[in-house]
2 protein chains.
Amino acid sequence: MDTLGRFSVETGFFKHYEDLVIREVIPYQEMALRDEIDGAEKSHAIENFTMAAQVIATGHSEGEFYGMVFQDSDVYKWLEAVAYSLRIHPDAALEARADDIITLIERAQHPDGYLNTYFTVKAPDKRWTNLQEAHELYCAGHMIEAAVAFAESTGKTHLLRIARRMADHIYTHFITDGHEGFCGHPEIELALMRLYHLTEEPRYLELAGHFIDARGTDFFIRERAQYPWMVWGNNALDREYTQTHQPVREQTDAVGHAVRAVYLYAGMADTAHENGDAALAAACRTLWESITRRRMYVTGGIGSAYEGECFTKDYHLPNDTVYAETCASVALVFFARQMLTLDKRAEYADVMERALYNVILAGMQLDGKRFFYVNPLEALPGISGEAITHKHALPVRPKWFACACCPPNVARLLTSLGRYAWSVEDATVYSHLFITGTLILPEEIGGSITLDTAYPYEGALRYRIHVPKGTACFTLAIRLPAWSRETTLHTNGQPATYAVKDGFALLTREFADGDEIAVSLDMSVRRVFPSQHIAADSARVAFTRGPLVYCAEGVDNADDVLGLRVERETPVSTLAMNALGDIVALQVKGYRLRDKGALYAYDRPQAEPCDITLIPYYAWGNRGLNEMRVWLPEA
Amino acid sequence: MDTLGRFSVETGFFKHYEDLVIREVIPYQEMALRDEIDGAEKSHAIENFTMAAQVIATGHSEGEFYGMVFQDSDVYKWLEAVAYSLRIHPDAALEARADDIITLIERAQHPDGYLNTYFTVKAPDKRWTNLQEAHELYCAGHMIEAAVAFAESTGKTHLLRIARRMADHIYTHFITDGHEGFCGHPEIELALMRLYHLTEEPRYLELAGHFIDARGTDFFIRERAQYPWMVWGNNALDREYTQTHQPVREQTDAVGHAVRAVYLYAGMADTAHENGDAALAAACRTLWESITRRRMYVTGGIGSAYEGECFTKDYHLPNDTVYAETCASVALVFFARQMLTLDKRAEYADVMERALYNVILAGMQLDGKRFFYVNPLEALPGISGEAITHKHALPVRPKWFACACCPPNVARLLTSLGRYAWSVEDATVYSHLFITGTLILPEEIGGSITLDTAYPYEGALRYRIHVPKGTACFTLAIRLPAWSRETTLHTNGQPATYAVKDGFALLTREFADGDEIAVSLDMSVRRVFPSQHIAADSARVAFTRGPLVYCAEGVDNADDVLGLRVERETPVSTLAMNALGDIVALQVKGYRLRDKGALYAYDRPQAEPCDITLIPYYAWGNRGLNEMRVWLPEA
């Protein structure tokens, strides 16, 4: 069961983020879409819809399409975030403006249901002829996601009707009329599954499965030969880039463009679960392991190379030239959530948490005004953002990008956390992420659960059960994070009775109104040792506390992070810090090298004892340009 | 004084390399130039000259130009190596074939002296209209270098006459007729200086100085606007790439394509010395420091990025994605030699030696049959040569390349070591590189010096003075390598009397026939500590012994180099090894990590004590695919 609409974040850590998205990100993004930001590169996304509506109405339009071929998706991702935000914080004016945009979108729709402003305005004769590059199905996917979100969150189905006409058009083209093809950028698959879950229309499930199983052919090579027009000239022969090198059921390594790959896997896992498709589920598990056992940063970042924004090879995890796109970690959260439908294994939620609290939060400045697309684990002023190899790896967050994918992806995720924090299956209620708020239980159980916590900085979780009718029999399955050395549970002050299965503590009982389950997670700082196969991390360690990965930043460390060496066995102390939004910083004993300035020296550099201050990775880059490092060498 | 023709390598380490070049490299390269190697990508370089000669003779040619725009230079570099080889090892048949090729080259020359097969065959109306990309002056430079080498080594001036006609044509075009311009790939500058040194024709010195001082304008941008044709479409706006971002006298950082940069600097230093131009000399010193104090690998490799084969930023020295082109280190040897004409400082020769014994020798397989263009300091099987970021950084040497720049550059350097091993200025004889052989002293001194040594594996140098006329008064200046902690000198068995200046031991005396100067270099293994600003080398050390940098290879270390940790203060032992051509290997105590296979673990991996075997860097990659690392983490 999708718990999105049943959960409200109430106070605390993520309430701040919800507010930030609603107060800063959504309005800023709307201004960007409307080209109302002075000095920013124009988006033209709304204007593209206006022109497309003119074409539909009159057969032609003044002006030219502007922006990326997938510019429409910026509007849809914004609308999706708006839908979630309206549930959290009703805003009649915003809702009216969103309704106006939806009306505009409808006016840009062709009578046959087709809807894409690039093709309507710029290339009306080229529909469905460059699936490799042109993102038509990708944009349709985001429209569908926004439509489903609007229907779920506001009950309004205007956008849903538009999206269904487009989905039906796609069904006709690819299934009824039998045109070969699938999208170069997966997204439609997971979107069709969302549409299916909402509407229960089997054609959408069929279409998702069709697009998944159609991959793994040389279709893009034949398409390019038949229709040689190009958007960027992506190489059709690079079949790994688009995950078409093998049928998906035979794929064993996570390869190619990381966002594309993991959107696909998320759609695959959802389809596999819905169809009870064991072979497809097995492929998902294999790809999950490829990512999380060999190709993922400790921050939950994925995609090691700027070139192609791609997965590369096992254990290739450079810290400074990394891509680790914010969107890719959003995709990883989606995939993890779908894997949880296949297998009730806490490791999926562990990874979801890792990606959320580290890369995804780092993607946004603490004031919500600037964004990282790339999330390095090492920032080197003078090199990062400067060297020809590091142009992408900026050491401070930039403002809006021409390709505005990441900020709206963060916005829609942070306003829909209920979907990831909990899940309910039959009579089991899973608590995956520890966010203060209340979950309304399904009617067949009844009542609600309120979680109160100062997580991620404190390890005490307090679940209170509300059962107006007196008692309710169900299982509360609480994730036992792998990083917590020892987790203790109490029920109403007494040691709890529970089973442990695949990383979940299962408390099965007849819960009475007012029951309280107290969980104490071990928040000791953990030293993390990298696999020896990761060349970039040799002889280095990272520090985590709870779900947070830490890093050293120059501003806390005398502007010299590269010269720091951590003492091997020393304990680590915590330190409340008022800066950066009331964080808990860490202090660890170490040394600061003082070399004499030679490029190579025969004398061992002197090392002075020092205290090394670490801050949560998500908060880095908020105090100007400075060195930053997650993996610190041990002395 | 150029000591090339006065020095003969007699036995030992470099005699082997001379033989290898003469026996393997030059014949193989000749077959390549003639397209006689089955299965190799064809060169067509000789065929291009044949076609150009047809054009000159008949006005047209069948067939098409094939290869790089600078394909001619492969023939010239081969001819230069042949010239040197004929001095070492006369070979009438080879000489006759070279003469035939020179005759063919002459037949491809236009009546006005112009000579370039690309333009003659493919683009006759485009002469001198794409100096940025088309390498016309670059090819002319290599022709000039070959011509000078032929004249010096064989006394034959046929190629010299051809080259002078081209040089005179260039002078007319750029000086007499006043056409603006300079080459996108420096090389002509140093070549014109060589031509000037041989001929003493002041126009060549003038032309070299002209091309040097003409840089630093937006000429390439204007040229592209005026003549929009392109070879590759290099970006004219990237002025650093071609070292035209500033007048050379104002340049302070080594930037852009490394080979271009350092060829330019070598020509600048030669010109500065010849003209007594203090400002230009100062610029050379600044650029030398930029390279050697902040942008050079411990191996003497330069160029940190594949993209543009470029210098990047200070202290950006990645070990695995490095470029460190073999040709760039050849260029660094040229630059160092010219800096020695400006300042008698041993540090220049130290760098020359570092580049020669490490990158340049590593460029060639021990059997002379395969070549590295890129010289990584870390090879990661499965990633190196495989990941999209590492396609260039091959972990084993490939055969011939379509762009055959590096092998002939190594060939010409290794057959002309006399030019770098010694220099003579007035009555001072400088011994820069320690190579067994005999130097004929200039007539005004008389006699010869024979150096006998098992260097680089032993530190004993024995200089014997031959003065047929009885005595000779001069200064023998012997480099005191920076790596030798303590160097002792004896004259005829007695502690020598000498002054030390800028890294040279100056022995000034009336030498008698049979005098013997024995030098003992301290060959203790040195642990090298990298600047703390080099992020990639944090907490790692390298090992050197004498001029050799060492590395760990998998084949000597249980196929696991990434898991090795070196003990901090442990002594290092040496070990004679019969493999790899009788090397001295090193053994150092350390540990081998045994992690349990997790990507990230909370348990410190176990470490077992082990002996770590290190081999000279130049010998790596001769025993198949395996891990290799120069910078090893300390435990």
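The values are calculated or read from the model by the stated rules, or taken from the named source; none is laboratory data. Fair warning: this is a prediction, and the values are worked out from it, not measured in the lab. When we count neighbours, we look across all protein chains shown, and the Cβ atoms used for this are built from the backbone with ideal geometry, even at glycine. Side chains are part of the model used for accessible areas, which takes the heavy atoms of the whole protein and leaves out ligands, DNA and RNA. Shrake-Rupley method; radii C 1.70, N 1.55, O 1.52, S 1.80 Å.
Details
- Out of B:GLU201, B:GLU223, B:GLU180, sole residue that is buried (at least 19 other Cβ atoms within 10 Å of the Cβ) and acidic (Asp, Glu): B:GLU223
- Note on segment B:172-200: residues that are within 20 Å of B:ASN409 (Cβ to Cβ) and assigned to a helix (DSSP H, G or I) total 8.
- One residue from A:ILE388, A:ILE302 being touching a strand residue (DSSP E or B) at 6+ places or on another chain (Cβ under 7 Å), open to solvent by 30 Å² or more (accessible area, probe 1.4 Å) and within 14 Å of chain B (Cβ to nearest Cβ): A:ILE388
- Selection status of A:LYS399, open to solvent by 20 Å² or more (accessible area, probe 1.4 Å), in contact with a Lys or Arg (Cβ under 8 Å, 6 or more places away or on another chain) and within 23 Å of A:TYR84 (Cβ to Cβ): no
- Scope segment B:598-616; condition within 14 Å of chain A (Cβ to nearest Cβ) and of a type outside the set (A, V, I, L, M); matching residues: B:TYR600, B:TYR602, B:ASP603, B:ARG604, B:PRO605, B:GLN606, B:GLU608, B:CYS610
- Flag if B:TYR315 is of a type outside the set (Lys, Arg), surrounded by 23 or more Cβ atoms within 10 Å (Cβ to Cβ) and in contact with a Gly (Cβ under 9 Å, 6 or more places away or on another chain): no
- Filtered residues of segment A:245-293 (kept if touching a Leu at 6+ places or on another chain (Cβ under 9 Å), of a type in the set (Asp, Glu) and either assigned to a loop (DSSP other than H, G, I, E, B) or without any contact (Cβ under 8 Å) to a residue 12 or more places away in the chain (or both)): A:ASP253
- Every residue from segment A:541-559 that is closer than 23 Å to A:LEU361 by Cα and either acidic (Asp, Glu) or assigned to a strand (DSSP E or B) (or both): A:VAL541, A:ALA542, A:PHE543, A:THR544, A:ARG545, A:LEU548, A:VAL549, A:TYR550, A:CYS551, A:ALA552, A:GLU553, A:ASP556
- Qualifying residue in segment B:601-622 (condition: open to solvent by less than 30 Å² (accessible area, probe 1.4 Å), free of Cβ contacts under 8 Å to residues at least 60 places away in the same chain and closer than 25 Å to B:ALA324 by Cα): no
- Test: residue in segment B:262-273 that is open to solvent by 10 Å² or more (accessible area, probe 1.4 Å) and either within 14 Å of chain A (Cβ to nearest Cβ) or within 26 Å of B:LEU548 (Cα to Cα) (or both): no
- Qualifying residue in segment A:233-243 (condition: under 23 Å from A:THR172 (Cα atoms) and in contact (Cβ under 8 Å) with a residue 60 or more places away in the chain): no
- Some residue of segment A:371-378 being within 10 Å of another protein chain (Cβ to nearest Cβ) and farther than 21 Å from A:ARG479 by Cα: yes
- Qualifying residue in segment A:188-195 (condition: charged (D, E, K, R) and closer than 26 Å to A:GLU95 by Cα): yes
- Test: residue in segment B:595-613 that is acidic (Asp, Glu), touching a helix residue (DSSP H, G or I) at 6+ places or on another chain (Cβ under 9 Å), in a strand (DSSP E or B) and more than 27 Å from A:LEU632 (Cβ to Cβ): no
- Test for B:ILE615: is it touching a Cys at 6+ places or on another chain (Cβ under 8 Å), at pLDDT 95 or above and of a type in the set (A, V, I, L, M): yes
- Within segment B:66-82, the only residue that satisfies the criterion of being of a type in the set (Ser, Thr, Tyr) and more than 12 Å from B:THR117 (Cα to Cα) is B:TYR76.
- Residues located in segment B:561-572, provided they are surrounded by fewer than 23 Cβ atoms within 10 Å (Cβ to Cβ) and assigned to a loop (DSSP other than H, G, I, E, B): B:LEU562, B:GLU567, B:ARG568, B:GLU569, B:THR570, B:PRO571
- Filtered by the rule that a residue be closer than 20 Å to A:ALA93 by Cα and small (Gly, Ala, Ser), segment A:15-66 gives a lone residue, A:ALA32.
- Residue match in segment B:531-540 (condition: open to solvent by less than 30 Å² (accessible area, probe 1.4 Å), over 30 Å from B:ASP314 (Cβ atoms) and part of a loop (DSSP other than H, G, I, E, B)): no
- Top-ranked residue in segment A:587-597 [being in contact with a Lys or Arg (Cβ under 8 Å, 6 or more places away or on another chain) and either open to solvent by 40 Å² or more (accessible area, probe 1.4 Å) or of a type in the set (A, V, I, L, M, F, W, C) (or both); ranked as farthest from the other protein chains (Cβ to nearest Cβ)]: A:TYR591
- Where A:GLY437 falls short, out of the listed (1) crowded, with 20+ Cβ neighbours inside 10 Å; (2) on the phi < 0 side of the Ramachandran plot: (2)
- The listed residue being within 14 Å of another protein chain (Cβ to nearest Cβ) and surrounded by fewer than 14 Cβ atoms within 10 Å (Cβ to Cβ), out of B:ARG485, B:ARG527: B:ARG485
- Residue in segment B:153-161 that is surrounded by 24 or more Cβ atoms within 10 Å (Cβ to Cβ) and either at pLDDT 95 or above or part of a helix (DSSP H, G or I) (or both) present: yes
- Options A:ALA558, A:ALA552; residue that is more than 9 Å from chain B (Cβ to nearest Cβ), surrounded by fewer than 21 Cβ atoms within 10 Å (Cβ to Cβ) and among the hydrophobic types (A, V, I, L, M, F, W, C): A:ALA558
- All positions within segment A:305-341 that are within 9 Å of chain B (Cβ to nearest Cβ) and among the aromatic types (Phe, Trp, Tyr): A:TYR306, A:TYR315
- Extreme residue, farthest from the chain's Cα centre (by Cα), among residues of segment A:483-528 that are polar (S, T, N, Q) and in a strand (DSSP E or B): A:GLN494
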